[in-house]
Amino acid sequence: MAVRAQIKKYLLEASLLDPQCKMLGEKGMEYHTLIDIDSLLPHINDPKWAIIDCRFSLDNTERGWRDYQHSHIQGAVYAHLDEDLCAPIVSGVTGRHPLPPVEQLVERFSKWGIDRHVQVVAYDDWTPASGGIAARLWWSLRWLGHTTVAILDGGWAAWNSVGGPSRGGKESRKPRTFVPRIRPELLATSNDVDQWRKGSEFVIFDSRALDRFRGENETIDPVAGHIPGAKPAPYIENADLDGSFLPVEKLRERFQNLLGNMPADQAVFYCGSGVTAAHNLLALAHAGLGEARLYAGSWSEWITDSKRPISVGED
């Protein structure tokens, strides 16, 4: 009820103030992991806030774009996972969602009106854990040095459930100049993973469901199993029943149990194609335990080289 009341208040104020008014709801706060509806609502007309719609479906890659055109959070621009946040697939070389060149990301972020002064908020409608796709954008921005980026907790479903302002059509933002500051410590390559899995200085986590980790129910990639030495850490265990993130205390307990005495910066997370693994990285950071690395190529890249070993079962 409090959120609905705030929405009514916002709509009243928005009808009286210039849509570009910087004073509307401005509190000077920065958001680096998650943001709730109450905190986002006053800023949907703020030019210093960029809202990015990341809805995407693996089995129908244009569904997210169509859904965006039908209705989206007011002021949001659309980011297509395959076209905007990934490079083209090279058969037998890359995974299913290869990391794009830095120049491509810089061009996209500049087009979406992002520079160091802009707070970015991303959302999706991924189930069963909201943020599963948007987390790739969250990680990509942080990899290039932009830390004022957060995921809308609960995503599109939560926004709709409280009647948040939305509209259809295509939107754009005034371009800005995005200047990358690459953070190589957030990325792991296949060679890194192959070396680190054999020692004790790093720990490798598989973010997929347990049945895919064990090689029992692989319906996406042509080879089943997991990277030898990896430990299971399904990203869906970050989510509550409604798809929103667990409370920070529960997330902290989860990742403390997973990491043990290993610091976060010596942990590597992968999934099927380097997308939902970022959900684990986000949850880890939100829990206040630090930043781990993403193996962006993930399982679908690992299996392109028949010389790389695989394991099935529980190890």
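The values are calculated or read from the model by the stated rules, or taken from the named source; none is laboratory data. Note that the structure is a prediction, hence the values are computed from the model and not measured. Cβ sites come from the backbone with ideal geometry, for glycine too, and all protein chains shown count toward neighbours.
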> If you check ASP194 against the conditions, is it of a type in the set (Asp, Glu), assigned by TED's automatic domain parsing to the domain that holds ALA267 and either part of a loop (DSSP other than H, G, I, E, B) or at positive phi (or both)?
Replying inline: no
> Given the conditions (1) within 26 Å of VAL248 (Cβ to Cβ); (2) in contact with a strand residue (DSSP E or B) (Cβ under 9 Å, 6 or more places away or on another chain); (3) in contact (Cβ under 8 Å) with a residue 60 or more places away in the chain, and given that LEU41 satisfies all but one, which numbered condition is not satisfied?
Replying inline: (2)
>> Looking at region 105-127, can you tell me whether even one residue there is without any contact (Cβ under 8 Å) to a residue 24 or more places away in the chain and surrounded by fewer than 21 Cβ atoms within 10 Å (Cβ to Cβ)?
In response: yes
>> So if I check each of GLY243, GLY272, which one is part of a loop (DSSP other than H, G, I, E, B), on the phi > 0 side of the Ramachandran plot and not assigned by TED's automatic domain parsing to the domain that holds LEU99?
In response: GLY243
> From the list LEU289, LEU246, LEU258, which one is out of contact with any strand residue (DSSP E or B) (no Cβ under 8 Å at 6 or more places or on another chain) and surrounded by fewer than 24 Cβ atoms within 10 Å (Cβ to Cβ)?
Replying inline: LEU289
> Out of the residues in region 46-64 that are surrounded by 20 or more Cβ atoms within 10 Å (Cβ to Cβ) and touching a Gly at 6+ places or on another chain (Cβ under 9 Å), which is farthest from TRP139 (Cα to Cα)?
Replying inline: ASP46
>> Can you pull out every residue in region 145-162 that is within 19 Å of GLY290 (Cβ to Cβ) and part of a loop (DSSP other than H, G, I, E, B)?
In response: GLY145, HIS146, THR147, THR148
>> Given the criterion at pLDDT below 95, in the same structural domain as THR147 (by TED's automatic domain parsing) and of a type in the set (Asp, Glu), identify the matching residue among GLU13, GLU26, GLU62.
In response: GLU26
> From the set of residues in region 178-214 that are surrounded by 11 or more Cβ atoms within 10 Å (Cβ to Cβ) and hydroxyl-bearing (Ser, Thr, Tyr), which is nearest to LEU259 (Cα to Cα)?
Replying inline: SER207
>> Any residue at all in region 167-183 that's under 25 Å from TYR31 (Cα atoms), assigned to a strand (DSSP E or B) and either at pLDDT 95 or above or in contact with a Cys (Cβ under 9 Å, 6 or more places away or on another chain) (or both)?
In response: yes
